[in-house]
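Contents: one structure, followed by commentary.
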Amino acid sequence: MKKILIILFTIGYPMLIFAQVNIDLNAGIGFNNVIYNPLPQNLTVQIKPTYSVGMSSMYSFNNSFAIATGISFSKKNFSYTGFMNFSSDINDNTKIVRYENNYQLIYAEVPINIGINKEIGKCNLLFFSGIYYSYNIFNKGRFKAEDGVEFEKKFSDYFHKQDIGYNFLIGFGYKSVSLKTYYKQSLFDLELDNNYQAKFCEIGILLSYNLINLKQKK
């Protein structure tokens, strides 16, 4: 895990240094879901809240076009319920056991986005899209069945720890504060078992405060 953090820091920190225009502190809240294709008939995936904090930098080539990157840490909750039928007869409901899986996850994420940062007086309009790379640095899970069976599970035993995806952001800024809405989704299958495809899907809002503005005055 330490090696991964060093790699993420090595990638993210120089980007923050060399993109010497705006450096922001970010905090976000949203909802996370896992999209299965196809969805197993015995599973129900629950939408859960997600939280994030981080720093970002943006380099504007002119009054409109810009590149943004940074590093963030997000907590994602992943939960689904299901049932298992221990009877050889599919119509026999007397041996069905219902269960719930809950995962608490923390990801380190580095995005690379390009887009528009249009300044209008003290305001600015933002629209960005791009890709992100994230790595699971903490995971904790628990399986609980209605018959009393309960034990801990590791997310990494069933899912890939790395995630690559795409995202879109649109927002509005005034002076040092900006508010953005975002959508992001995995590009590749997260499950180690190839019977089903599972991808993270997330939507939320991001509040940013400009810490440093190194833009040259005209």
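The values are calculated or read from the model by the stated rules, or taken from the named source; none is laboratory data. Note that the coordinates shown come from a computational prediction; the quantities given were computed from them, not determined experimentally. Backbone-built Cβ (ideal geometry, glycine too); neighbour counts: all protein chains shown.
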Condition broken by Val21, with the remaining ones in (1) at pLDDT below 95; (2) within 13 Å of the chain's Cα centre (by Cα); (3) under 30 Å from Ile120 (Cβ atoms); (4) among the β-branched types (Val, Ile, Thr) satisfied: (2)
Selected residue (only one of Val45, Val34 is modelled with pLDDT of 85 or more and more than 22 Å from Thr181 (Cα to Cα)): Val45
Single residue of Ile170, Ile205 found to be loosely packed, with under 14 Cβ neighbours inside 10 Å and in contact with a strand residue (DSSP E or B) (Cβ under 8 Å, 6 or more places away or on another chain): Ile205
Yes/no for Ile114 being without any contact (Cβ under 8 Å) to a residue 60 or more places away in the chain and part of a strand (DSSP E or B): yes
Qualifying positions in the range 56-70 - of a type in the set (A, V, I, L, M) and either surrounded by fewer than 16 Cβ atoms within 10 Å (Cβ to Cβ) or modelled with pLDDT of 95 or more (or both): none
Filter result for Val177 (closer than 19 Å to Leu25 by Cα, among the β-branched types (Val, Ile, Thr) and in contact (Cβ under 8 Å) with a residue 24 or more places away in the chain): yes
Qualifying residues in the range 132-167 (those that are of a type in the set (S, T, N, Q) and in contact (Cβ under 8 Å) with a residue 24 or more places away in the chain) - the one surrounded by the most Cβ atoms within 10 Å (Cβ to Cβ): Ser134
